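First the structure, in the form of structure tokens, and then the observations on it.
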Amino acid sequence: MAATMRVALPRDLWREQAWRRWVLAAFFARLPGTMMTFALLLAGREATGSFTFGAWMASACSVGAALAAPWRGRMLDREPLLVGLRRGLHWQALLAVGLGVAALLHAPAPVLLAASLLLGVMPSGVQGGVRALLASVAPASRLEAAFALDAVLVEVQWVLGPLLVGVATASGAPLLALGMMGASALVASALSLGLPERAPEPAPVAVREGTGVWRAPGALAVFGMVAVLGVSWGALEAGIPPRLEEMGAGAALWGMLAALLSAASAAGGLGYTLLPGAKGREEGTWRAKLLLGAWGLLLLPLGWMASVHGLAVWLVAAGLFLAPVTGTLTFLLQRALPPGRRAEGFSFYSACWSLGIAGGSALAGVLLDVGGARPVLATAALLPLGAVLLVAGVVLSRFRPVTRE
């Protein structure tokens with residue numbers, strides 16, 4: 001990638017009507033994903049009385065999304081993109097409401113797990129398709145800025161999503177969050193009607209770049225970092241609510257803390273746009289690794305914080321690095337993917353994120369019964385930090401001088 005990665009915030013991007021409508025449609029399409037883990041965690045407790053079962057429901061949903069997203073993304077590249085997106089959003093609305101009813105009726109555990117799995121499978125590909133559509137609504141000369149702004153907009157959604165779940169819980173109706181998720185999906189479907197359609201690529205063109213999108217130069221490193229970040233986030237989101245209850249503060253407070261974290265992330269993303277761009281793919285990849293390591297390092301104190309104030313301080317500090325790392329990763333992937341495979345590639349990105357969250361939620365399900373919330377929060381910090389240190393150690397070992405005896 002010879003071009004220098006420079007990010008600006010051009011006002012003329014906001015003058016584009018298609019871009020503004022895409023922002024609204026993307027906001028409502030992705031809002032359910034920001035509510036998913038917290039909502040399922042609470043739905044599991046509502047149905048069975050156990051946070052642990054809620055963590056397994058969240059894990060089942062994420063596994064379903066991870067397994068199905070690459071296939072669904074490939075299908076989105078073979079059909080009119082908006083048609084496929086609306087189909088996925090309609091499934092999401094139906095299944096979110098259905099799962100809420102099942103939890104309200106205290107359905108058997110296998111039914112709840114199966115419904116959670118379907119909630120991940122049927123709308124999978126929506127996240128990747130929404131991001132693939134970005135290239136159709138933003139001018140080519142402003143695409144880099146559009147991806148930087150998108151990372152900030154995602155964080156705004158993460159401010160609102162957990163906060164809505166927290167409000168529903170505080171009002172005594174935690175299952176209402178699943179109804180909100182369904183309504184948001186329907187609003188996104190309606191808004192997408194005004195977006196420009198992206199015609200499908202002819203099949204031979206769409207597949208001739210290779211059998212796996214991970215073979216694109218630099219894509220595998222992006223997918224690996226996304227998976228690590230997903231595990232960290234899944235453990236964090238499943239670990240903070242029970243930690244708050246251990247402290248006597250109430251699980252609903254996670255909505256407020258998550259909003260603070262995401263607000264800090266949005267601020268960090270805006271600040272990151274003012275820095276000089278990375279020169280080339282290799283420098284951009286190393287920037288992403290350093291940002292990921294900083295995220296893990298600043299989460300580390302959560303394991304021994306004994307007050308809500310302490311949790312808030314370190315979540316805000318870590319949040320400053322979240323939007324910069326996700327914005328860097330999505331732009332690196334956009335540059336690596338061939339045009340005819342972007343829905344598939346970004347769906348694979350979403351699959352790695354979902355698989356990571358599934359792993360983090362599953363770890364929480366195991367560790368919560370063993371040692372409470374502290375080991376879960378330690379995992380959220382140590383995994384990204386350890387992964388970056390391991391990669392750095394491997395790279396440095398290659399430059400170690402060879403001695404002769």
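The values are calculated or read from the model by the stated rules, or taken from the named source; none is laboratory data. Here the structure is a predicted model, which means the values were calculated and not measured. Please note: Cβ atoms are built from the backbone with ideal geometry, for glycine as well, and neighbour counts cover all protein chains shown. Protein only, heavy atoms only, side chains kept; ligands, DNA and RNA dropped before computing areas. Shrake-Rupley method; radii C 1.70, N 1.55, O 1.52, S 1.80 Å.
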Sort 374-381, 186-193 by the packing proxy (mean of other Cβ within 10 Å over each peptide's residues), most packed first.
374-381, 186-193
Treating only the Cβ atoms of Lys and Arg (+1) and Asp and Glu (-1) as charged, compute the dipole magnitude of the chain about its Cα centre; round to the nearest 20 debye.
940 debye
Skip the ligands, DNA and RNA, and give the accessible area per residue of the chain with a 1.4 Å probe, whole Å².
40 Å²
Answer in debye to the nearest 20: the dipole magnitude of the stretch 285-405 about its Cα centre, from +1 Lys/Arg and -1 Asp/Glu charges placed on Cβ, is 480 debye
So if we plug the beta-carbon distance of E283 and H309 into 1/(1 + (r/R0)^6) with R0 = 35 Å, what FRET efficiency do we get, rounded to 0.05?
0.40
Length-normalised contact order of the chain, Cα under 8 Å, at least 6 apart, in percent, tallies to 29 percent
The stretch 228-263 residues near the modelled S50 label - backbone nitrogen below 18 Å, point 7 Å along Cα→Cβ:
238-239, 242-243
R0 = 35 Å: FRET efficiency of V167 with V83, Cβ-based, nearest 0.05?
0.55
Two pseudo-spin positions, 7 Å from Cα along C-beta at A109 and at W14, lie apart in nanometres by 5.1 nm
At 7 Å along Cα-to-Cβ for each site, give me the label-to-label distance between L389 and A263 in nm.
3.3 nm
Please report, to one decimal in angstroms, the Kirkwood hydrodynamic radius of the chain built from all distinct Cα-Cα pairs.
21.2 Å
For every helix of n ≥ 4 consecutive DSSP H residues, a contribution of -39,500 (n - 2.57) applies; sum these over the chain, divide by its total residues, and give [θ] at 222 nm rounded to the nearest 500 deg cm²/dmol.
-26000 deg cm²/dmol
Positive-end residue of L300, P339, L315, charge dipole of the stretch 269-341 with Cβ unit charges:
P339
Excluding ligands, DNA and RNA, the carbon-plus-sulfur percentage of the accessible area of the chain with a 1.4 Å probe reads 68 percent
Checked against the positive end of the charge dipole of the chain (+1 on Cβ of Lys and Arg, -1 on Cβ of Asp and Glu, about the Cα centre), the farthest of A68, V159, L257 is A68
Please give the FRET efficiency for E197 paired with L220, using the beta carbon to beta carbon distance and R0 = 35 Å, rounded to the nearest 0.05.
0.65
